[in-house]
Amino acid sequence: MYTIKNILNIGFKKVFCLSTLLLASTLLTNAQQLQRVSPASVGLDATKLANADAAILKAIQEKEMPGAVLAVVRHGKMAWLKAYGNKQIYPTTEAMTVNTMFDMASCSKSMSTAISAMILIERGQLRLLDRVNLYIPGFENWKGSDGHTQTIRIVDLMTHTSGLPPYAPVDSLKKKYGAPNPDAVIEYISHCKRDFKPETDFQYSCLNYITLQRIIETISGEKLNVFAKK
């Protein structure tokens, strides 16, 4: 049985780390607008903040990451902002700066799409066990060689257990439908071959979250990037 707690616990450590990066990126975007103050003036211990230096520098030294930016804001004021290491090491080395922007890429799955879905679930507008084809007419469920079918549900999209393949054939879809063409992508996903029976395996799939995005937009009546900002 899936529960909201189960979903939130999936990859918690990874989500926490990605949340930190997203927060840092957001803070850096507005860094010039925030008043710079000493840590002590907003009730922070400068010694403990300095301990972060050692942790970050150790990670860089051990080649766990090339660089980082640490931004700490409290009470709407910037108490700590520092760049470490490099933002690029190949083909040339470029030092990290406090204005470096981080590409979130697939981090947006957990940071934006999943959280938006959970907001709708909390509001009672979406349920984990809802059928995907309730929101996307024509979306095909899994069908076995013996004719047996099993419904693909919202929870299967969120936990990557739907059986949808990892990716779509981007080049052929662009050639056939042009780009961008979200409707064509959803049409492809609705009818593409399912790789396995739902809930019998795990496979990380971009298609799961593209489908979930369409469902969020259908329910909310807004684009995901608009809904997620509220």
*asked:* Between 0 and 90 degrees, rounded to the nearest ten: what's the tilt of helix 12-29 against the longest Cα principal axis of the chain?
replied: 60
*May I ask you to give the percent of accessible area on the chain that is carbon plus sulfur, with a probe radius of 1.4 Å?*
56
*Karplus-derived HN-Hα couplings along segment 217-229 (A = 6.51, B = -1.76, C = 1.60, θ = phi - 60°), whole Hz, x at Gly and Pro*: 5, 5, 6, 7, x, 10, 5, 4, 5, 7, 4, 5, 7
_Accessible area in square angstrom per residue, the chain, 1.4 angstrom probe_ = 61
*Quick one, which of [x] 0.95; [y] 1.01; [z] 1.05 is the actual Rg/Rh (Cα atoms, Kirkwood Rh) calculated for this model?*
[z]
*asked:* Taking amide H atoms as placed 1.01 Å from N in the peptide plane, list the residues 5 or more away in sequence, or in a different chain, whose amide H sits under 5 Å from that of K87.
replied: E94, A95, M96
*If we count every other residue with Cβ under 12 angstrom of H191's Cβ, Lys/Arg +1 and Asp/Glu -1, where does the sum land?*
+1
*Between rounded, prolate and oblate, where does segment 166-230 land on the alpha carbon gyration tensor, with a ≥ b ≥ c its root eigenvalues, rounded for a/c under 1.5, else prolate if a/b exceeds b/c?*
oblate
_Once each part is reduced to its C-alpha centroid, what is the distance from segment 139-174 to segment 187-230 in angstrom?_
10
_Listed residues Q213, T47, V98: farthest to the positive end of the dipole of the chain (Cβ charges)_ = T47
_Estimated 222 nm signal from helices in the chain, with DSSP H stretches of n ≥ 4 weighted -39500 (n - 2.57), rounded to 500_ = -11500 deg cm²/dmol
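Please give the net charge around L224, taking every other residue with its beta carbon less than 10 angstrom from that of L224, where Lys and Arg add +1 and Asp and Glu add -1.
So the environment of L224 carries a net charge of +1.
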_Net charge of neighbours whose Cβ lies under 10 Å from the Cβ of P165, counting Lys and Arg as +1 and Asp and Glu as -1_ = +1
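The values are calculated or read from the model by the stated rules, or taken from the named source; none is laboratory data. All of these numbers come straight from a predicted model, not from anything done at the bench. Here Cβ is always computed from backbone atoms with ideal geometry, including for glycine, and neighbour counts include all displayed protein chains. When the accessible area is computed, the model is the full protein with side chains, heavy atoms only, and any ligands, DNA or RNA have been set aside. Shrake-Rupley method; radii C 1.70, N 1.55, O 1.52, S 1.80 Å.
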